[in-house]
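Below: the structure, in structure tokens.
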Amino acid sequence: MPDSNDDSVARWIDGVKAGDAAGIERLWDDYFQRLVRLARAKLAGHARRASDEEDIALSAFHSFCDRAGRGQFPLLADRDDLWRVLFTITARKVIAAVRHQNRRKRGGGRVLGESALMAEGDLADEGIARLLDREPTPEAAAAFAEDYQRLLALLDNPTLRAVALRKLEGSTIEEIAAELGISPRTVDRKLHLIRALWQKEIDG
Amino acid sequence: MSPRAPGGAADLSLADLIQIDAACDRFEAARRAAAAPPLEAILASVPDPARVRLLREVLIREVEARLNWGERPDAAGYHARFPEHPHVVAAVFALLQGDASPPAATPTR
């Protein structure tokens, strides 16, 4: 995250909630490109216009500012909370965009579905997709934050945790492998284990 | 051990998957230290249900590494070492070499 000072982050989050232009500008500067990268990663492999990821990020950004301004995220306190909400909104926008594309392309070309958001062989995304398959209402955002922490806490191995965090942030298997200095096959194996751990927890 | 479908993990428990991951981590660390034990020793570290999946994982890494070193690993040698798992050996070589030839019907040790 660009800002390591939680107090200052909390202040400009309050500014966003109050509709303050400076807070919104700060949010834009610090998070918009991250949202674009997240949308791009989630759209990987799908036919799309070059501007789609920016459109989705823009839509997510406006949606967040609008909802925050209407007091829908009262529990938003720090940059971790903020990213979880932005992540959830953006991921939902991507899913909606793909579904919309499916409807438009019905009967021709590659059939895209929510499951197609998963990278090939990337089984962990099934569990992640289940996490994301919720409307980002205030209640859902809070539940997502709780799930996020609870599921990450299941991963006591630092490599598993690092893989999960990067995957949740939209990195590809190859990007995660390069960043952690392990092979893509190892990343794939870790994701498979993460999925199993999370699936067991989600299924109770 | 009886032959099982290669790479099938659906019937593995969470404990099996954790053991496989840990065994693979040990194998990969040993490889990086140029002290990798024989595959048979790695396989002996996990119980039977996880062994097939673990064999697939470590065999992929070993064969892949040998190919990267310019070697031409021979599937027959691995069939002889792991006669209980002909489909695993065949699947790994098919994956890495595009060799989809079926394993020997009656592999011999």
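Some observations on this one:
- DSSP-assigned coil residues among chymotrypsin sites (Phe, Trp or Tyr not before Pro) in segment B:25-91, each with at most 11 further Cβ atoms within 10 Å: B:69
- For segment B:48-88, a/c is not less than 1.5, where a ≥ b ≥ c are the root eigenvalues of the C-alpha gyration tensor, and a/b does not top b/c. That puts it in the oblate class.
- Computed lengthening from residue A:201 to residue A:30, 0.36 nm per intervening residue step minus Cα-Cα distance: 58.2 nm
- Largest to smallest accessible area among A:65, B:24 [probe 1.4 Å]: A:65, B:24
- Placing pseudo-labels 7 Å out from each Cα toward the beta carbon at residue B:65 and residue B:22 gives an inter-label distance of 2.1 nm.
The values are calculated or read from the model by the stated rules, or taken from the named source; none is laboratory data. All figures in this text were calculated on a predicted structure; none of them were measured in a lab. Cβ coordinates were reconstructed from backbone atoms using ideal geometry, including for glycine residues, and neighbour counts include every protein chain displayed. Areas reflect the complete protein model, heavy atoms only, side chains present, ligands, DNA and RNA absent. Shrake-Rupley method; radii C 1.70, N 1.55, O 1.52, S 1.80 Å.
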